[in-house]
Structure formats: structure tokens, C-alpha cells
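These notes concern the structure reproduced below.
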Amino acid sequence: MRRLAAGNWKMHGTGADLAEVDTLVAAHPDPGCELLICPPATLIHRMAERARGTALVVGAQDCHPAHSGAHTGEVSASMLKEAGARYVIVGHSERRADHGESDAIVRDKAAAAAREGLAPIVCVGETLAQREAGKTLDVVAGQLDGSIPDAAPGLVVAYEPVWAIGSGLTPTTAQIAEVHAAIRDWLGGRDAGAADAVRILYGGSVKPGNAAEIFAVENVDGALVGGASLKAADFGAIVSALAAA
Ligand code: PGA
């Protein structure tokens, strides 16, 4: 399987920041893994044009479950695809928390993405309180049960402990290994033949300084990177670590 380095720019970035992308692709003409950035929706088209002929693939951070309709302010998967996106993140914990997205909504979004030919990156992960209560594996299994549609070609799963996102904290490699193995088992229960082809990303405070250690963990097939994806030098170092893992 081709491992995946995915950057999530969140609500950061304007046209001026596309220069970072030029720097990144120039430094990694043949990155040795799949290279993805999910910028804000306003930049998808321009970034995709800029990435044409390079190793960079562009994605989105969210989509609406419907193909079109009276949904003011929303963007559908088909619109994102037309703009140049090839992936879409769904169920990020910031959307689950800030927008009250349930597992059922996340599943509908992932299904919509897959229907339109976009690969859904479905995010799961426990809060600190859930981890401290010993519920991590139950929480993650529940999110997988509720958020992953029956048919999701191109599916990617991202394990992102909520308490590790943007905090500088990361689980131990043993904790990452435990959850990634559980996700692989869950995928095997769903479709034994396809489980090994689904990439399982780790996300939450991945930095140049910890990337190699995280990528050495079994069943870690790449990373979903927030803050460190904004600067070409930092994201480039993470890409290099993944290629070397
Ligand atoms: P972070 O964010 O790398 O800034 O912790 C990760 C994410 O939210 O996807």
C-alpha cells in the first residue's frame, strides 16, 4: 500500500500561502508516499491548478451529504471534486465538537464523498476523559460502527485522539499501536479481503521531531497533520520521515 502524508490546513491559508506548496513540491518531486494537502475550500481550485504535474494531491476538509439543494453555506462532494479535490476529511473532532456532527452524519458525508469518487478520510478518536476512564477502544469501535458506510471505495481512517490535537501531546507508541491494531481488526471484521488495503493514519501533534517514531509503529500507514502542515519545511520533514519508514 502507498502510505499517505495528509496535511489539514484547517481555517488557515490565503493565496499568499500557496508559495509554501511550490516550495514543498519542488523539494519532493518524488516523495516516496502519497502527498495530500486539504486547504480551506476557497483554495482548493487554485492549489489543484498549481499542483498539476507534481506529486501533490489536493483534498477538502468537509462536505455536505447531499448532492445539491437548499443548504445555504454548504459545499457538496461533487462541487469539491469539480474544484480539484480527490479526498475529503469527514468527522474531524473539531466538526464533531463545534458543529454537533453525529456518527450518522459523518457516515452520510463519507458515503456522499465515495459516491462522487472522492476518497473519504474518516476521523475517530477519544477525549482525554474517555481515555482516562479506560474507554478508548470502545469509543473508537463505536465511532467506526457509526461513521463508516457499507460502501466506501478509497476509504482512509484517521485515528486522532482529541486531546493530542494541537496540544503538543501525543500518545505513547504502545497506545498508538493498540488503537491502530483495533482499527485494523475492525476493518477485517467488515471486509476481511480489503482490510489491509485501507490506510490508517495517525493524527495529533505530529511534528518533524516525533514523526519517525510514530511511523515505525505497526499499522500506522501515514499521518494527518494539522499545524505542522502549514510550513513546507516542517511538512516536508514529515514526508521524508514517512518515505524512510
Ligand atoms: P495537529 O492537528 O497536527 O495540529 O495536532 C491534527 C488534526 O487536527 O488533524
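Do we find that residue 36 is under 12 Å from residue 236 (Cα atoms), within 16 Å of the ligand (Cβ to nearest atom) and touching a strand residue (DSSP E or B) at 6+ places or on another chain (Cβ under 9 Å) in this structure? Answer is yes for this residue.
Within the stretch 220-245, being free of Cβ contacts under 8 Å to residues at least 60 places away in the same chain, in a loop (DSSP other than H, G, I, E, B) and over 15 Å from the mean Cα position of the chain (by Cα) holds for no residue.
For the stretch 165-196, filtered to residues that are out of contact with any helix residue (DSSP H, G or I) (no Cβ under 9 Å at 6 or more places or on another chain) and in a helix (DSSP H, G or I), the residue that is nearest to residue 9 (Cα to Cα) is 180. Selection of the stretch 55-69 for residues being under 14 Å from residue 5 (Cβ atoms) and part of a loop (DSSP other than H, G, I, E, B) yields only 55. Selection over the stretch 88-117 of residues that are crowded, with 24+ Cβ neighbours inside 10 Å and under 13 Å from the mean Cα position of the chain (by Cα) gives a count of 6. Could you check the stretch 22-44 and list, in sequence order, the residues that are out of contact with any helix residue (DSSP H, G or I) (no Cβ under 6 Å at 6 or more places or on another chain) and either within 14 Å of residue 92 (Cβ to Cβ) or assigned to a helix (DSSP H, G or I) (or both)? Passing the criteria: 22, 25, 26, 38, 40, 41, 42, 43.
Of the set (1) more than 16 Å from residue 157 (Cα to Cα); (2) among the small types (Gly, Ala, Ser); (3) at pLDDT 95 or above; (4) more than 9 Å from the ligand (Cβ to nearest atom), all apply to residue 193 but (3).
Taken over the stretch 70-111, the criterion of being in a helix (DSSP H, G or I), over 24 Å from residue 128 (Cβ atoms) and not hydrophobic (A, V, I, L, M, F, W, C) is satisfied by 78, 81, 82, 107, 108, 109. Name every residue in the stretch 112-156 that is among the acidic types (Asp, Glu), part of a loop (DSSP other than H, G, I, E, B) and within 18 Å of residue 177 (Cβ to Cβ), in order of residue number. Listed by number, the list holds a single entry, 126.
The values are calculated or read from the model by the stated rules, or taken from the named source; none is laboratory data. Since the structure is predicted, the reported quantities are computational estimates derived from the model, not experimental observations. Counting neighbours? That spans all protein chains shown, and the Cβs are built from the backbone with ideal geometry, glycine included.
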